[in-house]
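Visitor: Quick one: structure below, then a few questions.
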Amino acid sequence: MSQQTRYTAEHAAEQFRIRATGGAGVATAWQRGLRVEIPPEAPVPKHDEARFDARSDLVVFRREQTLTTCYGLDADHVTNIHGVAVAAVVDAQFGTSYRSRIDAANLEEVTS
């Protein structure tokens with residue numbers, strides 16, 4: 001296992017179990033994922049790298065040597081502006097259509 005995935009945060013593993021549509025685990029999703037270039041102005045968690053795993057329909061975020069969280073892209077898991085932003089970037093980079101399946105009724109208000 002690579003150094004980047006050795007220190008998987010419990011939070012990321014828990015979010016994977018909740019948000020992934022399939023797959024073996026958050027470290028596996030990270031290893032097979034493709035790098036996502038998220039614009040600095042996008043409202044997403046602070047991170048050093050993000051990777052999209054199509055098999056589990058999610059984006060895993062890494063900060064330093066820790067996988068910190070993941071955002072599910074299935075419509076049921078996109079509930080706020082952060083998820084919408086992640087879905088938009090993935091759609092633009094990989095030609096997917098996650099945004100078109102988002103139900104606005106599921107979105108919660110985000111306060112600063």
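FYI, it's all coordinate maths here, none of it is from the lab. Quick caveat, the model's predicted, so the values are computed rather than measured. Cβ atoms come from the backbone with ideal geometry, glycine included; neighbour counts cover every protein chain shown.
Visitor: Given the peptides 51-61, 89-99, arrange them by the average over their residues of other C-beta atoms within 10 Å, most packed first. Please list the in-between numbers first.
Guide: Numbers: 51-61: 22.9, 89-99: 15.7.
Taking the mean over residues of other Cβ atoms within 10 Å, the ranking is 51-61, 89-99.
Visitor: Say each of Glu108 and Glu41 gets a label point 7 Å from the Cα, pointing the same way as Cα to Cβ; how far apart are those two points in nm?
Guide: The modelled label-to-label distance comes out at 2.8 nm.
Visitor: What translational D, rounded to a whole number of µm²/s, comes out for the range 9-93 from Stokes-Einstein when the hydrodynamic radius is the Kirkwood one over Cα pairs, at 37 °C and 0.692 mPa s? Show your work: numbers first, answer last.
Guide: Values: Rh = 12.3 Å.
For these conditions, the coefficient is 266 µm²/s.
Visitor: Can you work out ³J(HN,Hα) from phi for every residue in the range 11-23, in order, using Karplus 6.51 cos²θ - 1.76 cosθ + 1.60 and θ = phi - 60°, giving whole Hz and x for Gly and Pro?
Guide: Computed from phi, the couplings for the range 11-23 are 4, 4, 5, 5, 5, 4, 4, 7, 9, 6, 8, x, x Hz.
Visitor: Quick one: dipole size for the chain, taken about the Cα centre, charges +1 on Lys/Arg Cβ and -1 on Asp/Glu Cβ, in debye to the nearest 20.
Guide: Numbers: 12 positive and 15 negative charges, 85 e Å.
Approximately 400 debye in magnitude.
Visitor: Based on the Cβ-Cβ distance from Ile18 to Arg63, what FRET efficiency comes out when R0 is 30 Å, to the nearest 0.05? List each step's numbers first, then the result.
Guide: On the way: r = 20 Å, r/R0 = 0.66.
The pair Ile18/Arg63 has a calculated efficiency of 0.95.
Visitor: If I fit a long axis through the Cα atoms of helix 81-94 and take the longest principal axis of the Cα atoms of the chain, what angle between them do I get, 0 to 90°, rounded to 10?
Guide: Compared with the principal axis, the helix lies near 80 degrees.
Visitor: Over the chain, calculate the relative contact order: mean separation of alpha carbon pairs under 8 Å at least 6 apart, over the residue count, as a percent.
Guide: 25
Visitor: Still on this structure, I have one more. Give me the percent relative contact order of the range 61-110, please, defined on Cα pairs under 8 angstrom at least 6 residues apart. Please report the intermediate quantities before stating the final value.
Guide: Values: 47 pairs, mean separation 17.1, N = 50.
Dividing the mean separation by the residue count of the range 61-110 yields 34 percent.
Visitor: Another question about this same structure. Got a sec? Charge dipole of the chain, +1 on Cβ for Lys and Arg, -1 for Asp and Glu; which of Val89, Gln31, Val44 is way out at the positive end?
Guide: Gln31
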